[in-house]
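Participant: Below is a structure I'd like to ask you about.
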Amino acid sequence: MTEQVHAKQMKPICRDCGAALTSDDIAIYRKLVFREAKEYLCMTCLADDLGVPRKRLEDIAAYYHRTGFCSLFVQYT
Ligand SMILES: [Zn+2]
């Protein structure tokens, strides 16, 4: 049973570097780039892409976690 579950679950990975993504990586990508995205970048690649320091994206994620304003950030893993 567990094997089937694993096969079905697509582990989200970064489109650029193939790193495993956290829920924050996905949330920040959806928030900043495209809400309906099916492929994502990790925060490092996204920061690169946007030309901003990675810390900036981490700050944004932390902000949304703190405020709870954005539904994309409700669950913390
Ligand atoms: Zn990446």
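Coordinate-derived values only; no laboratory data. Source: prediction; values computed, not measured. Virtual Cβ from ideal backbone geometry, glycine too; neighbours counted across all protein chains shown.
Participant: Give, in nm to one decimal, the length gained when the segment between K38 and A19 is fully stretched (0.36 nm per residue of separation minus the Cα-Cα distance).
Facilitator: Gain on stretching K38 to A19: 5.3 nm.
Participant: Pull up all non-local amide H partners of A19: gap of 5 or more, or a different chain, and H-to-H distance under 5 Å with H placed in the peptide plane.
Facilitator: Distant-sequence amide H within range of A19: C14.
Participant: In what order do I60, I13, I28 fall by count of nearby beta-carbon atoms within 10 Å, going from fewest to most?
Facilitator: The fewest-first ordering by Cβ neighbours comes to I13, I60, I28.
Participant: Please give the length that would be gained between Y63 and D48 if that part of the chain were fully extended, namely 0.36 nm times their separation in residues minus their C-alpha to C-alpha distance (nm, one decimal).
Facilitator: The span from Y63 to D48 would gain 3.4 nm if fully extended.
Participant: Starting from the Cα of K11, draw a straight line to each of the lysines and keep only those under 19 Å, dropping any in the same chain fewer than 8 residues away.
Facilitator: List returned: K38.
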